[in-house]
Amino acid sequence: MRTEAQAVVIGGGVIGCSILYHLTKLGWSDVVLLERDELTSGSTWHAAANIHGLHDSTNISRIQHYTMTLYNALEEETGQSCGVFQPGSLYLAQTEEREHQLKLQAAKAKLYGMNFYEISIDEAKKLNPLVNYDGIRCVMYEPDGGNVDPSGVTNAYAVGARQRGAEIHRFTPVTATEQQDDGSWLVKTPKGDIRTKWVVNAAGLWGREVAALAGVELPLQPTEHQYFVTETMTDVAEHGSRLPSVSDRDGEYYLRQEGQGLLVGAYEKDMKFWAEEGTPLDFAHDLFPDDLERIEENMMNAIERLPAVGDAGIKRVINGPMIWSPDSNVLMGPVPELEGYFCCNGIIPGFSQSGGMGLMAAQWIIEGETQYDMFAWDMARFDTWATKAFTKARVQDQYAHRFAIHFPNEERSAGRPARTRPIYELQSEMGAVFGLNAGWEHPLWFADQPGTKDTNGFTRQNWWAPVGEECKMLRDRAGIIDISNFAKYRCKGPGAADWLNAVFANNMPKTVGRSCLTPLISKRGGIAGDFTVTRTAEDEFWVIGSGMAERYHKRFFKEVPLPEGTSFVSMTEAMCGFNVAGPKSREMLQQLTNTSLATEDFPFMRSAMIEVAGIEVLALRVSFTGDLGWELHCKSEDQLRLYSALLQAGQPFTAGPVGSRALMSLRVEKGYGSWSREYSPEYWPQEVGLDRLCKLDKDFLNKSAAVSVLENAAREQLVLLHLDEADVSASNADATGGEPIFKNGEGIGRVTSGAYGYSVGMSLALGYVKNAGPGDVVDVMVLGRPHKATILSEPPFDADGAVLRG
Ligand SMILES: Cc1cc2nc3c(=O)[nH]c(=O)nc-3n(C[C@H](O)[C@H](O)[C@H](O)COP(=O)(O)OP(=O)(O)OC[C@H]3O[C@@H](n4cnc5c(N)ncnc54)[C@H](O)[C@@H]3O)c2cc1C
């Protein structure tokens, strides 16, 4: 066994083996995989191993598409059979909403060149005559859908990795991972130790236990999961070819051919946790007793749709464990608080995603960044707030709703509240409908009645009209937006200016009281974040960024060493904030402070520590709504007092609380981008309009990458689109993000944010397009159907910034 390696992968399931394979494919041959038992000893060996390409998320679709096309190539490359069957998959829609979901996915498939399209019921009947198509509104067909052999695939990755120099050691449990003074790791096993720069936790069902060896707590919880396989069925045996699998998600089961019978699996409502206190170390190639009663309801749905299933005998039942994160997505990426420790845990559809996840992991480890934006799958989206209780509640909800449609703007209530701020109770009494933001309860909108909940759907919902009233109130008079969810940091010390200049692409303000906007540049030269930096003293700056990206940004900040005597501290928990904005905001605030807020005394992009209602606040003359306005940041213990004072001061102006859904609409009217939508590492500064904020006459983090991308022409451009009123009214739906954009039938881009612009009376979308510009008429695929839209030459609200600066 090697004693040194570039990376040590812990776990020989399908994911660990794929990571090992992809590390070697990207050029690292000095890599080792350690498996405590045989390969496949966790969830892998007993999986149904269905493979799907399309997903609501574009980047997951790309990852799944890559995986589906990899298996045949892997087989050819390694000579190891992957047992690939690709008879296709049929996706059935029983409801209008499922139809919207599938049609949107089909539009995305067309944009990205993936094979997934609508077929008629007659065509579907020919492909799979066992299905009863009564009540089916539409059928999508994915010709590459099917299944693989779990152990064949895992071994093929292993063979491919070994062929390029990797070592695999079975029956070699990792018993300790110890970080050394030089940052390297010592991975300990009973057969000897290995020193490495990278530890990769791919320990599947034991992801928690392996993470704990390095002092890391992962929000993961295993559950049981069952499928059964029928005896030989005449209808199946006599069908001339292998039957396409059936995704009847409204029926909450999955089904495919296995041998001459069928395999039916289910995510039941009455789910069962396993190993709550930790996965037993002696568990391997084990199953649980059958418990078909638990999935009876799902089985009945399957029998109703495929009556032949009801006549078939059951040959075997598989009841095995799988491990979930709180949102059922992988927890991936380097642990921000450690050097050289990578996680890839909690993957539910391991066979649909193994290739893509292995590739992303290898890119991240070797190249420092993935080609696709993985923020939604980054382990940094959770932090210590995701407690065991939260994780369990969310996993229960995710499992029981595995096949439910997850609508845009949907906020699930399980496990909440996890974190609240002092005004939570007051906001609740005021009718706030909350969303989850980095664990915090955050007001989305204010309803007339306390306790009101969102309705969900692809079309306009119960919040649509009240949010419009909030927007109009703010644009006509003033509004108070809780912006406590922004991340806040204080940088203090003699080296503060130099350090911030070395981190961020823009020049930091030279004068006390000035603010600047700045991008943070990613490893490949894309946008890793957007921040407002304010100089509050010669040696002190406040940095404000995205709250949900705070842990993600840690990785960037730690790349530039802090000078002696200079600190950079998160103040997100210690501080809260409000944005008071709108034409009356000055008059309203002036009642509460002796500091003059007149433009000549307090111009746009200036800041000061002032007293508002006797409370010390950091006041910034900025506003994400595009109006005249101030951000006021106070100590968390002062939040209730400040909020009460602001609400009272707003009364004479009939100004009141505004939620984040309104903020979304207002910033889209102004054409402002937002983190994880318009701003992501996938986009270059010149594509987002942030190139003028990259100062190439100084050094900053990842400057050489910025220089090399800025030498190129933009591949796409961020634009603002106005959707045709008649089309939008007919659908009763606005764009929400992710909708493909076509021009003359050709895919040219996608929507990143969509909202109705209430104050301008226009349905709007921000998105990236290529080969199109202002005045062009394009099709935006809202609900998967073409909606005419015109690319605007300027934002419909305050294009010249007169209101903002006024
Ligand atoms: C009943 C069932 C049906 C499923 N059906 C499908 C499906 O149809 N399609 C699909 O895509 N997915 C399906 N899945 C999910 C799929 O099985 C998983 O996503 C996948 O197997 C996860 O693989 P993994 O490599 O992450 O983890 P695991 O398979 O759990 O592998 C982890 C490995 O790490 C090893 N290990 C743990 N601790 C140590 C240590 N200290 N030292 C060394 N080695 C260690 C373990 O022995 C194990 O081999 C199904 C799962 C179940 C339970």
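The values are calculated or read from the model by the stated rules, or taken from the named source; none is laboratory data. None of the values given here were measured: they were computed from a predicted structure. A quick note on method: Cβ atoms are made from the backbone with ideal geometry, for glycine too, and the neighbour counts reach across all protein chains shown.
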From the option list 357, 299, 271, single residue qualifying as within 11 Å of the ligand (Cβ to nearest atom), closer than 30 Å to residue 93 by Cα and not acidic (Asp, Glu) is 357
Number of positions in region 723-739 that are surrounded by 19 or more Cβ atoms within 10 Å (Cβ to Cβ) and not in a loop (DSSP other than H, G, I, E, B): 2
Looking only at region 41-69, which residues are within 9 Å of the ligand (Cβ to nearest atom) and surrounded by fewer than 24 Cβ atoms within 10 Å (Cβ to Cβ)? 41, 43, 45, 46, 48, 50
Residue 137 passes all but one of (1) touching a helix residue (DSSP H, G or I) at 6+ places or on another chain (Cβ under 6 Å); (2) of a type in the set (D, E, K, R); (3) crowded, with 22+ Cβ neighbours inside 10 Å; which number fails? (3)
Enumerate the pairs (first residue in region 111-130 and within 26 Å of residue 740 (Cα to Cα) and touching a residue at least 60 places away in the same chain (Cβ under 8 Å); second residue anywhere and among the aliphatic types (A, V, I, L, M) and part of a helix (DSSP H, G or I)) with beta-carbon separation below 6 Å, excluding pairs fewer than 6 apart on the same chain, so at least 6 apart or on different chains. 116/106; 116/109
With the first residue restricted to region 533-546 and required to be without any contact (Cβ under 8 Å) to a residue 24 or more places away in the chain, and the second required to be assigned to a strand (DSSP E or B) and surrounded by fewer than 23 Cβ atoms within 10 Å (Cβ to Cβ), Cβ contacts under 7 Å at 6 or more apart or on different chains are none
Would you check if residue 475 is farther than 30 Å from residue 419 by Cα and surrounded by 24 or more Cβ atoms within 10 Å (Cβ to Cβ)? yes
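Here is a yes/no grid of residues against (1) free of Cβ contacts under 8 Å to residues at least 60 places away in the same chain; (2) surrounded by 15 or more Cβ atoms within 10 Å (Cβ to Cβ); (3) within 27 Å of residue 392 (Cα to Cα):
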residue: 235; (1), (2), (3): no, yes, no
residue: 269; (1), (2), (3): no, no, yes
residue: 280; (1), (2), (3): yes, no, yes
residue: 283; (1), (2), (3): no, yes, yes
Might you let me know whether region 183-198 holds any residue that is touching a Leu at 6+ places or on another chain (Cβ under 7 Å), more than 20 Å from residue 36 (Cα to Cα) and of a type outside the set (Asp, Glu)? no
Among residues of region 388-401 being basic (Lys, Arg) and buried (at least 18 other Cβ atoms within 10 Å of the Cβ), the residue nearest to the chain's Cα centre (by Cα) is 394
Residue identified as under 30 Å from residue 751 (Cβ atoms), surrounded by 19 or more Cβ atoms within 10 Å (Cβ to Cβ) and either modelled with pLDDT of 95 or more or within 16 Å of the ligand (Cβ to nearest atom) (or both) among 74, 104: 104
Could you tell me whether residue 742 is in contact (Cβ under 8 Å) with a residue 12 or more places away in the chain and in a loop (DSSP other than H, G, I, E, B)? no
Does residue 92 count as within 29 Å of residue 376 (Cα to Cα), more than 16 Å from the ligand (Cβ to nearest atom) and either hydrophobic (A, V, I, L, M, F, W, C) or touching a helix residue (DSSP H, G or I) at 6+ places or on another chain (Cβ under 9 Å) (or both)? yes
Within region 1-39, can you find the residues that are near the ligand (Cβ under 9 Å from one of its atoms) and either surrounded by fewer than 24 Cβ atoms within 10 Å (Cβ to Cβ) or charged (D, E, K, R) (or both)? 35, 36, 37, 38, 39
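Conditions tested, residue by residue: (1) more than 14 Å from the ligand (Cβ to nearest atom); (2) more than 19 Å from residue 31 (Cβ to Cβ).
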position	(1), (2)
343	no, no
353	no, yes
362	yes, no
373	yes, yes
In this structure, does residue 407 turn out to be touching a residue at least 12 places away in the same chain (Cβ under 8 Å), more than 30 Å from residue 177 (Cα to Cα) and within 15 Å of the chain's Cα centre (by Cα)? yes
Failed condition for residue 196, given (1) surrounded by fewer than 18 Cβ atoms within 10 Å (Cβ to Cβ); (2) within 16 Å of the ligand (Cβ to nearest atom), with all others met? (1)
Show me the strands (runs of 3 or more DSSP E) entirely contained within region 589-678 in which 1 or more residues are over 30 Å from residue 460 (Cβ atoms). 607-612, 615-620, 629-635
Test for residue 232: is it at pLDDT 95 or above and farther than 30 Å from residue 3 by Cβ: yes
I'd like the residue in region 24-62 that is part of a helix (DSSP H, G or I) and closer than 26 Å to residue 114 by Cα and, out of all such residues, is modelled with the highest pLDDT. 25
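Residues are listed down the side, and each one gets a yes or a no for (1) more than 14 Å from the ligand (Cβ to nearest atom); (2) not polar (S, T, N, Q):
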position: 147; (1), (2): no, no
position: 150; (1), (2): no, yes
position: 159; (1), (2): yes, yes
position: 166; (1), (2): yes, yes
Listed by first then second residue, the pairs whose first member lies in region 382-402 and is under 16 Å from residue 346 (Cα atoms), whose partner is part of a helix (DSSP H, G or I) and hydroxyl-bearing (Ser, Thr, Tyr), with beta carbons under 6 Å and at least 6 positions apart or on separate chains, are none
For the condition at negative phi, buried (at least 18 other Cβ atoms within 10 Å of the Cβ) and away from the ligand (no atom under 16 Å from the Cβ), what is the one hit in 334, 307, 349, 321? 334
Which one is farthest from the chain's Cα centre (by Cα), of the residues in region 365-381 that are hydrophobic (A, V, I, L, M, F, W, C) and buried (at least 20 other Cβ atoms within 10 Å of the Cβ)? 365
Taking region 605-663 as the search range and keeping residues that are on the phi > 0 side of the Ramachandran plot and aliphatic (A, V, I, L, M), which one is surrounded by the most Cβ atoms within 10 Å (Cβ to Cβ)? 613
From the list 750, 785, pick out the single residue that is basic (Lys, Arg), surrounded by fewer than 22 Cβ atoms within 10 Å (Cβ to Cβ), modelled with pLDDT of 95 or more and closer than 20 Å to residue 105 by Cβ. 785
